[in-house]
Structures are given as structure tokens and as C-alpha cells.
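Here the structure comes first, spelled out in C-alpha cells, and everything after it is commentary.
The values are calculated or read from the model by the stated rules, or taken from the named source; none is laboratory data. Because the structure is a prediction, the values reported are computed rather than measured. When we count neighbours, we look across all protein chains shown, and the Cβ atoms used for this are built from the backbone with ideal geometry, even at glycine.
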């Protein structure tokens, strides 16, 4: 199968237009049939409509979703917009694609509850330089091997059958209907200890679905073996209903991670993934949410380093900026409200944006390509909260254009500083994902 790798906001088309020099990485060399199948999938429902925007009749533009879209003819891998195919700093990786694929997978750890060992093991198990989807399948396969080794759980399943011996409870009315002639039989209801429980049905359905879409030989072979082990288990007929009935009680801890993967693969959940149909499969994650969740995870792991006592996610409960009487309209929700060890608060936001430094030669200074709304938002937080540090913080991904911390002052109408500042800290995702912790150097940049 043909494989293509692009970045967020990259173009995908069959118009043959060159993508050289574009800010984001795209591919406009699809055949007409490949593009038409992709376009039909994009138009299929309101969820898939989020993945691309229409550039013209022969070209789509990716949005902020990262992951894989796989049609019957082509597999399209979408990497984070920090992906630089000309990156020379790829020590330990075979290619730039592999580096940024690994960065994205590491960022997903807090969302999926996976760890670096599992990611590394999956990367080793699949074909070299494969796409994100195959790595996810390899992680699922590894966890299923662990589950099978620890034991596939059975449960008492209620059954009704016409049998030659009395077992369990006789269903008298049905017995009369079924056995008016066959006096030697009994229509009975009984419990049988079987593996055909809801959790196993969902796992079997996941294995079967992945078998249809994987193109990796080792993944396909392992999935076939696992499907055979679940031979006595039926398929799930309603994923949504079955997931509501999942019960991972004591003794089923080894089911937790496989079930989490099963939900990502099977469910049409815009937070975790957008699924496709029988002909097209997609597993896509909104990067703004991924970055926010990952930065929360990093801050939690770095509390001692950074002198943080507690992290309030989305501010304090019940904080409203605008209202009339009891009619509240606008909620105050900074991504993180950091309570430091000295009980001073710091407001901080994670912005999944590529910021650029712009040289103003006439004034001998550097400007940062801010979104005005972000600046107003942070100023609002600084003036709303009490006992708050006079410097708000924005975390943004580090790039070639934005690679060092910048501090800006809020000014009065006469351009005099008012004593409130905005600090923008670049996060080197290629480095920080290796230990999931901010270094002590960043501690010096936080307000005391």
C-alpha cells in the first residue's frame, strides 16, 4: 500500500502542485482515484469533516488532527506541525519522520496510560520506519500477549437450551412449546462458566478490525494467533453498549490497558480518535488537547523541581468573569493555575502554536507572532486572580524560529509599563519527552 507522510495543515491533492517552500509538509501527487476516495470519506459525516478543509476541487488541507487516515489505496500519516523533514538533529533515529513520530507517541502517554518501555518495544516489533498506526497495533498486540499469558477471564453466562438432560432451571412454558413431541428433552435455563464475556467480545472485535487494516506482516501474524485464542468468544454487536458494561474488577488489572486501546480503535470519540468505516480507517487526535494534557502531565512530574505545591486545572471552580446577578456568562479557565510553595499563584496556558521571532530593524528589537486573543486572555487572568504573580506564562513548542524564552511587558496608553508581564517559554518536545520532566533551569524562569 502507498504510504504518505504530511504534517498538520499540509496539503493533500491530485493537482500536482509543488509543495516545496510551503511552511507545512504536504503531498499533492495522489492519483485521481486515491484523492476521490479520501474526499468521499471526508464528506461522509460531521466528525470526519473536522479532519480537512477544502482548498479546491482537487486538494484538501489537513487541520489540527494528528494520526493516520488509511483508505483502500493509500495510508496517510499526519505528524505534528513541528515536524521538519529537513531536521538534521536526528541522532538515534533513522529519519526525521521517525523522530517526530516518536515525539507524538511520547506526548500521548498520559492520555492512553502507556509508558516509554511499551512504545520502545512496539517500535522494535514493527517494520522499520513504519507509520503511527502500525506502532499502535504493535502496542496493542504486546499488551494482548501479556493478557493471554496471565489468563483470559471467564464469567458465568446465562444460557437457554433444549437439552437431553435436566440442568439448571426448567423453563416450563417454553418446554411445553418446544417439546410437545420430544418428551425426552428439557428446555432449561442455566449458567455456564465461559470466556464469552463483554470485555472479551470487545477485544476480539478489536483484533478482527485491526486484521483488516494492518499492513505489517508481524502484526498480522500475531493478531491471527490471538484471534484463534478467542475462538469461543462472540463479536461485540454494539461497542457503545458493551463499553458501558465493562467491569474491570479485582483480578482483571491486566485487562485495563488492552481495553483502553480497544476503545481508541473501536469508538468514534472525538477526544481520543475519529474512526472511519469499513473501507477507510482513521485514528486521529486533536493536537491542542494532546499538548494541554501532556503539559499538565509534565508539570505534575516536575512539581518538586519547579517549587509547585498544587496545580489547578482550568483555574479554580466557579470562577466567572462576566455576569449579572446569578446569570453567569463567561468562565475564567486558565489551563493551569499553579500554586507555588510560597502560596503565590501563577497563571499559565499551553498554546499549540508555532511562534515566530520577527526582527524590527528600525527599533532594534524582536517581536513575537502572538495571537491578540491570547494576549488579552492572559491579561484578563492577571487582573482577575488575587495573590497572583504579576507575570503570566505561555508554554509553546520550541522551533527553529522560537528557541529561547521571551518576556514582554503590558503597557499603559502612554506606553509606560504597568507592572504586569507575559513570559513565553519554548518547550523542547524532542528533549522533554525523554524524561517527562522540566529541568531545574526552567525553575528559574517561574515567578517566585
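Quick one: which of 232, 189 is outside the structural domain of residue 122 (by TED's automatic domain parsing), at pLDDT below 90 and either surrounded by fewer than 16 Cβ atoms within 10 Å (Cβ to Cβ) or in a helix (DSSP H, G or I) (or both)? Step through it out loud before you land on a result.
On the way: 232 fails: outside the structural domain of residue 122 (by TED's automatic domain parsing).
Matching residue, one of 232, 189: 189.
Residues of region 435-445 being surrounded by fewer than 17 Cβ atoms within 10 Å (Cβ to Cβ) and either at pLDDT below 70 or touching a strand residue (DSSP E or B) at 6+ places or on another chain (Cβ under 8 Å) (or both), which ones?
Of everything in region 435-445, those that are surrounded by fewer than 17 Cβ atoms within 10 Å (Cβ to Cβ) and either at pLDDT below 70 or touching a strand residue (DSSP E or B) at 6+ places or on another chain (Cβ under 8 Å) (or both) turn out to be 439, 440, 441, 443, 444, 445.
State all residues of region 31-56 that are under 18 Å from residue 215 (Cβ atoms) and buried (at least 22 other Cβ atoms within 10 Å of the Cβ); if no residue qualifies, say none.
Residue satisfying the conditions is 38 alone.
Scan region 345-385 residue by residue and report those that are surrounded by 15 or more Cβ atoms within 10 Å (Cβ to Cβ) and either more than 26 Å from residue 429 (Cα to Cα) or not assigned by TED's automatic domain parsing to the domain that holds residue 424 (or both).
Passing the criteria: 379, 380, 381, 382, 384, 385.
Out of the residues in region 211-224 meeting the condition of being in a helix (DSSP H, G or I) and touching a helix residue (DSSP H, G or I) at 6+ places or on another chain (Cβ under 9 Å), tell me which one is farthest from residue 144 (Cα to Cα).
213
Since residue 69 meets every condition but one in (1) surrounded by 17 or more Cβ atoms within 10 Å (Cβ to Cβ); (2) touching a helix residue (DSSP H, G or I) at 6+ places or on another chain (Cβ under 8 Å); (3) in a helix (DSSP H, G or I), which condition does it not meet?
Single failed check for residue 69: (3).
Filter region 57-66 for residues that are assigned to a strand (DSSP E or B) and within 17 Å of the chain's Cα centre (by Cα); which is surrounded by the fewest Cβ atoms within 10 Å (Cβ to Cβ)?
Only one residue fits best here, namely 65.
Return the total of residues in region 280-315 being loosely packed, with under 13 Cβ neighbours inside 10 Å and in a loop (DSSP other than H, G, I, E, B).
The total comes to 0.
Of all residues in region 79-97, which are free of Cβ contacts under 8 Å to residues at least 40 places away in the same chain and either buried (at least 16 other Cβ atoms within 10 Å of the Cβ) or in contact with a strand residue (DSSP E or B) (Cβ under 7 Å, 6 or more places away or on another chain) (or both)?
87, 93, 96
Please specify each residue of region 236-254 satisfying the condition of being more than 18 Å from residue 143 (Cα to Cα), in contact (Cβ under 8 Å) with a residue 12 or more places away in the chain and part of a helix (DSSP H, G or I).
239, 240, 242, 243
Kindly indicate the residue of region 3-20 that is part of a loop (DSSP other than H, G, I, E, B) and touching a helix residue (DSSP H, G or I) at 6+ places or on another chain (Cβ under 8 Å) and also nearest to residue 216 (Cα to Cα) among those meeting that condition. Reasoning before the result, please.
Within region 3-20, the first condition is being part of a loop (DSSP other than H, G, I, E, B), and the residues that meet it are 8-10, 14-20.
Filter once more, so that each one left must be touching a helix residue (DSSP H, G or I) at 6+ places or on another chain (Cβ under 8 Å): 8, 14.
Working: 8: 25, 14: 27 Å.
So, considering only residues that are part of a loop (DSSP other than H, G, I, E, B) and touching a helix residue (DSSP H, G or I) at 6+ places or on another chain (Cβ under 8 Å), the one nearest to residue 216 (Cα to Cα) is 8.
Give the residue that is farthest from residue 339 (Cα to Cα), with candidates limited to residues of region 391-417 that are surrounded by fewer than 13 Cβ atoms within 10 Å (Cβ to Cβ) and more than 29 Å from the chain's Cα centre (by Cα).
Ranking the candidates gives 414 first.
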